[in-house]
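Every number here is computed from the coordinates shown, using simple stated rules; none is lab data. Fair warning: this is a prediction, and the values are worked out from it, not measured in the lab. Every residue, glycine among them, receives a Cβ derived from its backbone with ideal geometry; neighbour counts consider all protein chains shown.
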Amino acid sequence: MKKIYLGLLSFACFSFVDVALAEDAPIAKAGKTSNQFSSEQVTDIKKLITEHITENPTVIMAAFQAGMAEQQKEELAKVEKAVADNKDKIFKNANSPVAGNPEGKESLVVFMDPYCGYCKKFHGEIDTILSTNKDVKITFVDIPIMGPDSIIAVKAMLAAKEQGKYDQLQKAIFSSDKHLTKKQILKIADSLGIDKKKLEKDMNSKGIQAQVDHNSNLATTLGINGTPTLIIGETKVVPGFVSAEEVNKTLKETAAVATDGKSAPEKGSTPEKAS
């Protein structure tokens, strides 16, 4: 009974707080105006709320966390629907850099910014994902959300793709513990055997700018506003850092669900009899 009371009082903290703060708030009822609570009742409510929050901070925190979790769940559902509605833009963009098996049956799409801390951490998991899963195709969608330095870095990586060196320059930039200037990136590119004059020219091209714009617009269309964000198996959206082990586990799960869905008969149809 006490737990029920605490739960109801937690609800009261949020439902009646405005009333408690506005003692004389009028309520229209049956054509006349009256006060919902007397000043003494408002004082008692304030006291109860204060005591409850003081004595049971975990109850309030749990309610807040539950609300946040539900909100995140709803937001992810919207993103996953947007993914389903924009598959061609995500999975069939020939300009997007890829790693792993180009014909792989398991898909992982990664939205990253080269100067995002958790993106750098996730980038360290990529080699493990590739070495432990020979059937995965990783598609990189680089979005420069952290300012001008990110724009330079993203353009450089996409331009390096024109010379078949995207992964090398990507690894060098993601491994840096500081933001790199354009001059520093060109120097690194030169050390990797990349034609830095062509790289700089391509960085300033309309084609590379169009790809950067495409990536940013795609993130906006999908409702992705943070990095890293993963699309695992073409359906499941996972925001934030995820370990290689968890990625591979989720890839297997989504692949199994996709296989079951394809093998299951359509609703209303009659399965073929074995001959």
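In sequence order, what are the phi-derived ³J(HN,Hα) couplings for the range 68-76 according to the Karplus relation 6.51 cos²θ - 1.76 cosθ + 1.60 with θ = phi - 60°, rounded to whole Hz, with x for glycine and proline?
Values per residue, Gly and Pro as x: 5, 5, 5, 5, 5, 4, 5, 5, 5 Hz.
Once you have a ≥ b ≥ c as the square roots of the Cα gyration tensor eigenvalues for the range 86-151, tell me rounded if a/c is under 1.5, and otherwise prolate or oblate according to whether a/b is larger than b/c.
On the way: a/c = 2.83, a/b = 1.32, b/c = 2.14.
Taking the square roots of the gyration eigenvalues as a ≥ b ≥ c, the range 86-151 is oblate.
Hull surface divided by four, with the convex hull built on the Cα atoms of the range 85-261: how many nm²? Write down the numbers at each step before the final one.
Numbers: hull surface 38.4 nm².
Mean projected area for the range 85-261: 9.6 nm², to one decimal.
Take every DSSP beta bridge with both residues inside the range 85-261 and express the antiparallel ones as a percent of the total, to the nearest 5. Please list the in-between numbers first.
On the way: 11 of 18 bridges.
Taking every DSSP beta bridge within the range 85-261, about 60 percent pair in antiparallel fashion.
Could you list 112, 61 so that the one with the fewest beta carbons within 10 Å of its beta carbon is first and the one with the most is last?
Values: 112 24, 61 10.
Ranked by crowding around the Cβ, least crowded first: 61, 112.
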